[in-house]
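Asks: Sharing a structure, written as structure tokens. Questions coming.
The values are calculated or read from the model by the stated rules, or taken from the named source; none is laboratory data. Note that the structure is a prediction, hence the values are computed from the model and not measured. Cβ: placed from backbone, ideal geometry, glycine included. Neighbour counts: every protein chain shown. Quick note on the areas: whole protein, heavy atoms, side chains included, nothing else; ligands and nucleic acids left out. Shrake-Rupley method; radii C 1.70, N 1.55, O 1.52, S 1.80 Å.
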Amino acid sequence: MELYQLRTFIAVAEEAHLTKAAKRLNTSQPAVSAHIKALEEELEIILFERSKKGMTLTDKGELILKKAEIVLHSSNDLLFQAVKIKGEPIGRVKIGINLNSKILKIASLFEIVQSNYPKLELRLIQSSSHQVEECVKSGTMDCGYILGGPLVSGLNTRYLTTIEYMLAGPAKWKEKLENTDIQGITKLPWVVHSHGCRMDLIFKEYFGMTSKNFERGVEAEDETMSQMIIAGAGLGLMYKNDAKKAEKKGQVAIWRKEIFSLDLFFVYLESNSHDPKIDAMIRANDAIWCD
């Protein structure tokens, strides 16, 4: 039994899908499938029920999952201890953040860094995905988070998760949204990001145009978009969970004909791959997102 097999097992259990788990682990679907098969053969236990919808843990798989999580956490502790023995990374790490800190699990990042790399000082810089890329490329940031993958050369990325969005509008538009198709949606007033951001990747994929072609109600920063939608300024993309909570409170109406998504990546300069500070950040993010 190998640690990578346990890491794969946990990823499949959490994603409930081979393809999504492969993306999360930066590997191929056949490799993920092979890891699960080998683990099941060694344990002589069927861990998942397979279906067209995805992968569901069996009762025995649920029990094994708990043990696997303990083993992997212990493995991470061992790796962190090894880093300490070799020599602690020291200095300031400038991190570009493109979403709110809750989505990016920044509290967990600080906790891991403080526990395992006490001589590292984290500085968070709020930016768009495009700005994060440019600043990491130029060296004014050490690393950061982006949506949709890198658009400039010389950067390494690690897939973290897929962020899901729902299209929401003012609560009074409930009936209108229920009867509007994808072409009609683009003609309604929109709340769009001030800097375009990576949301244009969604607009191009699903609507065949950028936000510049939409009927604009108002421009807003990421942290104020939800408030603008609730206030009645127009349609906009909200985090899936936030949209559902707002709908339950009667604050917004949701267009349910599509769920939109963008992949989230951790990015750093390729030439800094062996920098102890970057290595520490990679390990910290892996501990948060890959366990």
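Asks: Filter segment 159-195 for residues that are touching a residue at least 60 places away in the same chain (Cβ under 8 Å) and closer than 19 Å to ILE125 by Cβ; which is surrounded by the most Cβ atoms within 10 Å (Cβ to Cβ)?
Replies: Step by step, filter segment 159-195, then rank; the result is LEU160.
Asks: Let me ask something else. Looking at segment 66-74, can you tell me whether even one residue there is among the small types (Gly, Ala, Ser), at pLDDT 90 or above, surrounded by fewer than 17 Cβ atoms within 10 Å (Cβ to Cβ) and out of contact with any helix residue (DSSP H, G or I) (no Cβ under 9 Å at 6 or more places or on another chain)? Walk me through it before giving the result.
Replies: At the first step, the residues of segment 66-74 found to be among the small types (Gly, Ala, Ser) are 68, 74.
Those left that are additionally at pLDDT 90 or above: none.
Checked against the condition, which is being among the small types (Gly, Ala, Ser), at pLDDT 90 or above, surrounded by fewer than 17 Cβ atoms within 10 Å (Cβ to Cβ) and out of contact with any helix residue (DSSP H, G or I) (no Cβ under 9 Å at 6 or more places or on another chain), segment 66-74 yields no hits at all.
Asks: Which of the residues belonging to segment 9-49 are over 21 Å from ILE70 (Cα atoms), outside any helix (DSSP H, G or I) and open to solvent by 80 Å² or more (accessible area, probe 1.4 Å)?
Replies: Listed by number, the residues that qualify are ASN26, GLU49.
Asks: Here's another thing I want to ask about it. Kindly indicate whether any position in segment 64-79 is over 28 Å from ILE112 (Cα atoms) and among the hydroxyl-bearing types (Ser, Thr, Tyr).
Replies: No: segment 64-79 contains no residue that is over 28 Å from ILE112 (Cα atoms) and among the hydroxyl-bearing types (Ser, Thr, Tyr).
Asks: If you go through segment 225-252, how many residues are more than 20 Å from the chain's Cα centre (by Cα) and not small (Gly, Ala, Ser)?
Replies: 10
Asks: Of all residues being within 27 Å of ILE146 (Cα to Cα) and of a type in the set (Gly, Ala, Ser) in segment 179-208, which is modelled with the lowest pLDDT? Just the residue, please.
Replies: Ranking the qualifying residues of segment 179-208, first place goes to GLY196.
Asks: Under 6 Å between Cβ atoms, at least 6 apart or on separate chains: pull out the pairs that start in segment 119-146 with a residue that is closer than 23 Å to GLU88 by Cα and end on any residue that is part of a loop (DSSP other than H, G, I, E, B).
Replies: LYS119/GLU88; LYS119/ILE90; LEU120/PRO89
Asks: Also: So for segment 50-58 (the condition being in a helix (DSSP H, G or I) and not polar (S, T, N, Q)), does at least one residue qualify?
Replies: First, the residues of segment 50-58 that are in a helix (DSSP H, G or I): none.
Checking segment 50-58: not a single residue is in a helix (DSSP H, G or I) and not polar (S, T, N, Q).
Asks: Still on this model: Could you tell me which of the residues SER153, SER74 is over 18 Å from the mean Cα position of the chain (by Cα) and in a helix (DSSP H, G or I)?
Replies: Details: SER153 fails: in a helix (DSSP H, G or I).
Exactly one residue qualifies, and that residue is SER74.
Listed here are the residues, each with its yes/no results for (1) open to solvent by less than 50 Å² (accessible area, probe 1.4 Å); (2) at pLDDT below 90; (3) part of a strand (DSSP E or B).
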residue	(1), (2), (3)
GLU223	no, yes, no
GLY232	yes, yes, no
LYS244	no, no, no
ILE254	yes, no, yes
GLU258	no, yes, yes
LEU264	yes, no, yes
SER271	no, yes, no
HIS274	no, yes, no
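Asks: Sticking with this structure for a sec: Checking LYS105 against (1) open to solvent by 40 Å² or more (accessible area, probe 1.4 Å); (2) free of Cβ contacts under 8 Å to residues at least 24 places away in the same chain; (3) under 30 Å from GLU134 (Cα atoms), which single condition isn't satisfied?
Replies: Single failed check for LYS105: (2).
Asks: Of the residues in segment 232-262, how many are in contact (Cβ under 8 Å) with a residue 40 or more places away in the chain and over 30 Å from LYS20 (Cα atoms)?
Replies: Of the residues in segment 232-262, 5 are in contact (Cβ under 8 Å) with a residue 40 or more places away in the chain and over 30 Å from LYS20 (Cα atoms).
Asks: Would you point out the residue of segment 118-140, among those that are hydrophobic (A, V, I, L, M, F, W, C) and not in a helix (DSSP H, G or I), that is farthest from the chain's Cα centre (by Cα)?
Replies: So, considering only residues that are hydrophobic (A, V, I, L, M, F, W, C) and not in a helix (DSSP H, G or I), the one farthest from the chain's Cα centre (by Cα) is LEU120.
Asks: Looking only at segment 78-88, decide whether some residue is in contact with a Phe, Trp or Tyr (Cβ under 7 Å, 6 or more places away or on another chain) and open to solvent by less than 90 Å² (accessible area, probe 1.4 Å).
Replies: yes
Asks: Next up: Which numbered condition trips up SER115, out of (1) touching a helix residue (DSSP H, G or I) at 6+ places or on another chain (Cβ under 9 Å); (2) outside any loop (DSSP other than H, G, I, E, B); (3) surrounded by 18 or more Cβ atoms within 10 Å (Cβ to Cβ)?
Replies: Of (1) touching a helix residue (DSSP H, G or I) at 6+ places or on another chain (Cβ under 9 Å); (2) outside any loop (DSSP other than H, G, I, E, B); (3) surrounded by 18 or more Cβ atoms within 10 Å (Cβ to Cβ), only one is false for SER115: (3).
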